[in-house]
Amino acid sequence: MANENQPLIFEQSKKDRIAYSLPELDVPAKPVYELIEKDYLRKTEPELPEVSELQLIRHYTALSKRNFGVDNGFYPLGSCTMKYNPKVNEVVARLDGLAKIHPYQDEKTVQGALELLFRLQENLKEITGMDEMTLQPAAGAHGEWTGLMIIRAFHEANHDSKRTKVIIPDTAHGTNPASASVAGFEAVTVKSDENGLVDLEDLKRVADENTAALMLTNPNTLGLFETHIQEIAEIVHAAGGKVYYDGANMNAIMGVTRPGDMGYDVVHLNLHKTFTGPHGGGGPGSGPVGVKKELTPFLPKPLIIKKEDGSYGFDNDRPLSIGRVKAFYGNFGINVRAYAYIRTMGGKGLGQVSKDAVLNANYLLKRLSGNFEVPFKQFCKHEFVLSGSRQKKLGVRTLDMAKRLLDFGYYPPTIYFPLIVDEAMMIEPTETESKETLDAFADHLIEISHEAESRPQIVQEAPHSTVLRRLDETQAARHPVLRYKNPLDTE
Ligand SMILES: *Cc1c(COP(=O)(O)O)cnc(C)c1O
């Protein structure tokens, strides 16, 4: 990389060097800080680097090149649906009438924005097969929690207070048990059978009068379609529980089938995954929640409604609502992007998205299945899980292979998840990648499997081409160092 030897911005600092040049002021100066109350003003000067504009630009450009996103290259991070973010969505989200309105504006002045949100609600109801929808939750996990609070309110309204447990498969995403816990439930595990699907006998054993809900993605986190979904729903319903759809895997079935037709009662969607919102940097997401009729009274308020006179507004008159879960309109900009995407694709187009996502995943699975262990043999949906167990015997771990992929310019797949697969490698190519990209990726991964046999060290010591080699990821998460400290400073 070009700028790696450039000293850090603080170390380039030279006293009185500045990053702008403007003509001298010919009016009396009035510093902005005179407008700020004295108590709020800082007492000491900030220690900022003093650099030229060019140095500053090079600094930020160098930083931006260290990042990796879908606009840089293939990003097969399983479960995350890192598909291309169409730029037309960005144009739409930046329209003044959408980007520059204020959440406190009178609803009469933001009718267009409300109509867009209302239409998005209607579209998502159609896509999921649900009766009502809220756009408030800010992400999938937030949607899970919202959905569980709705289910909790439903049981409470029925004076059914024994329902303290939420059943979750052993393959589930970590947010499922976390959301259950935050919503005040106890998570109970249901096992997977030898085909990687919910074990019906085990489900019958755990579903009882204490069951509040079952949380289940479909296809599940192994990328496999739960073919017994209707029977699963019947077992949970017979026990008096509700069935929750974790919609993170919607990219496999959208426009083909609907959770509402499979027996699900509550759904969340990840608009930043399936509906092309840019994500991955911890930026804003959107996790709308849809419910069947019986649960609509408990949805967060307000709902966005179309009134009898044809105008749009808020329905706040919802006495059984769990209350507001997010300020104002939810993450409005992401909702705008999702609406633009839905309108661009149309119903047929969305169905084609899912079919192509499934085709791409099966193509890649087929290409890799000679060189890697495939724990579940059936067709996959939009993603699949390989095991690195063959390579582990040679002393090369899945982590090593993931790091080696960085040398070839790829973001690695999700690894060591789901937990039930030894040395798991979870690959989701998405529909937006070409056959050439899939072939090149397969060639590289196969090459790595050959390296594992002939010269394992190069894989074990990867990556070789990145700015930093291997990070202590646990320490980075637990004790992040967020502030630069000049090594020349003595404290
Ligand atoms: C991404 C994901 C979630 C959580 O969604 P966020 O939007 O990241 O909060 C939940 N379940 C599954 C299967 C996921 O892939």
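No value in this document is a laboratory result; all are computed from the given coordinates. Quick caveat, the model's predicted, so the values are computed rather than measured. In this analysis, Cβ positions are derived from the backbone assuming ideal geometry, glycine residues included, and neighbour counts consider all displayed protein chains.
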Exercise for the section: Compute the relative contact order of the chain as a whole-number percentage, counting only Cα pairs closer than 8 Å that sit 6 or more residues apart in sequence. Expected result: 18 percent
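Restricting to bridges with both residues inside the stretch 88-343, how much of the DSSP beta-bridge set is antiparallel, in percent to the nearest 5?
On the way: 11 of 27 bridges.
Percent antiparallel among DSSP bridges in the stretch 88-343 is about 40.
Run through the DSSP bridge list for the chain and note the antiparallel percent, rounded to the nearest 5. Provide the component values of the computation, followed by the final result.
Working: 19 of 35 bridges.
Antiparallel bridges make up about 55 percent of those DSSP assigns within the chain.
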Practice task
Pop out the Kirkwood hydrodynamic radius of the chain from its pairwise C-alpha distances, inverse of mean 1/r, in Å to one decimal.
Solution key: 25.3 Å
Problem - Residue (of Ile36, Gln55, His102) at the positive-pole extreme of the chain, dipole from beta-carbon charges - result: Gln55
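To the nearest 20 Debye, how big is the dipole of the stretch 77-181 about its Cα centre, given +1 on the beta carbon of each Lys and Arg and -1 on that of each Asp and Glu? Kindly include the intermediate steps, with their values, before the conclusion.
On the way: 11 positive and 13 negative charges, 57 e Å.
Approximately 280 debye in magnitude.
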Handout entry: Highest-first arrangement of 50-63, 227-240, where packing means the average Cβ count within 10 Å
Key = 227-240, 50-63
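I'd like to know how the stretch 24-95 sits against the 2.2 N^0.38 Å rule of thumb: what's its Cα Rg over that expected value? List each step's numbers first, then the result.
Details: Rg = 21.3 Å, N = 72, 2.2 N^0.38 = 11.2 Å.
Compared with the compact-globule rule of thumb, the stretch 24-95 sits at 1.91.
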Handout entry: For the stretch 212-225, Karplus couplings with θ = phi - 60° (6.51, -1.76, 1.60), whole Hz, Gly/Pro x
Key = 8, 6, 10, 10, 8, 8, 8, x, 6, 6, 8, x, 10, 6
Practice task
Please name which of Val289, Leu200, Gln111 has its Cα lying farthest along the dipole of the stretch 88-343 towards the positive end, using unit charges on Cβ (Lys, Arg +1; Asp, Glu -1) and the Cα centre as origin.
Solution key: Gln111
Completion exercise
With a 24 Å threshold on alpha-carbon distance, the violating pairs from Lys15/Lys38; Lys377/Lys435; Lys273/Lys348; Lys273/Lys293; Lys165/Lys377 are Lys15/Lys38; Lys273/Lys293; Lys165/Lys377
Handout entry: Kirkwood hydrodynamic radius over Cα pairs of the stretch 88-343, then Stokes diffusion coefficient at 37 °C and 0.692 mPa s, in µm²/s
Key = 177 µm²/s
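Considering only the other residues whose Cβ falls under 11 Å of the Cβ of Leu56, what net charge follows from Lys and Arg at +1 and Asp and Glu at -1?
Net charge in that neighbourhood comes out at 0.
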Problem - Ordering of 271-279, 289-297 by burial proxy (mean other Cβ atoms within 10 Å per residue, highest first) - result: 271-279, 289-297
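So, with +1 on the Cβ of K and R and -1 on the Cβ of D and E, and no other charges, what is the size of the charge dipole of the chain about its Cα centre, to the nearest 20 debye? Provide the component values of the computation, followed by the final result.
Values: 56 positive and 66 negative charges, 64 e Å.
Its charge dipole is roughly 300 debye.
With contacts defined as alpha carbon pairs under 8 Å and 6 or more residues apart, what's the relative contact order of the stretch 275-351 in percent? Write down the numbers at each step before the final one.
Details: 64 pairs, mean separation 27.2, N = 77.
About 35 percent, as a whole number.
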Practice task
Report, to two decimal places, the Cα Rg of the stretch 353-476 normalised by 2.2 N^0.38 Å (N = number of residues).
Solution key: 1.03
Practice task
Please name which of Ala180, Pro480, Ala93 has its Cα lying farthest along the dipole of the chain towards the positive end, using unit charges on Cβ (Lys, Arg +1; Asp, Glu -1) and the Cα centre as origin.
Solution key: Ala93
Completion exercise
Residues whose modelled amide H sits under 5 Å from the amide H of Thr189, counting only those 5 or more places away in sequence or on another chain, are Ile168
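Contact order normalised by length for the stretch 140-257, with contacts defined as Cα pairs under 8 Å and 6 or more residues apart; what percent is it? Mind showing how you got there, number by number?
On the way: 181 pairs, mean separation 31.6, N = 118.
With pairs under 8 Å counted, the relative contact order is 27 percent.
Taking K and R as +1 and D and E as -1, what net charge do the other residues with C-beta under 11 Å from the C-beta of Val166 add up to? It would help to have the intermediate numbers written out before the result.
Values: positive: Arg152, Arg163, Lys165, Lys242; negative: Glu144, Glu186.
Local net charge: +2.
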Handout entry: Cut-off 10 Å between beta-carbons: net charge of the residues surrounding Arg397, Lys and Arg +1, Asp and Glu -1
Key = 0
Fill in the blank from the handout: Ranked output for segments 32-44, 355-367 by mean other Cβ atoms within 10 Å, highest leading, reads 355-367, 32-44
Exercise for the section: As a check on your grasp of the helix formula, calculate [θ] at 222 nm for the chain: sum -39500 (n - 2.57) over DSSP H runs of n ≥ 4, divide by the residue count, round to the nearest 500. Expected result: -10500 deg cm²/dmol
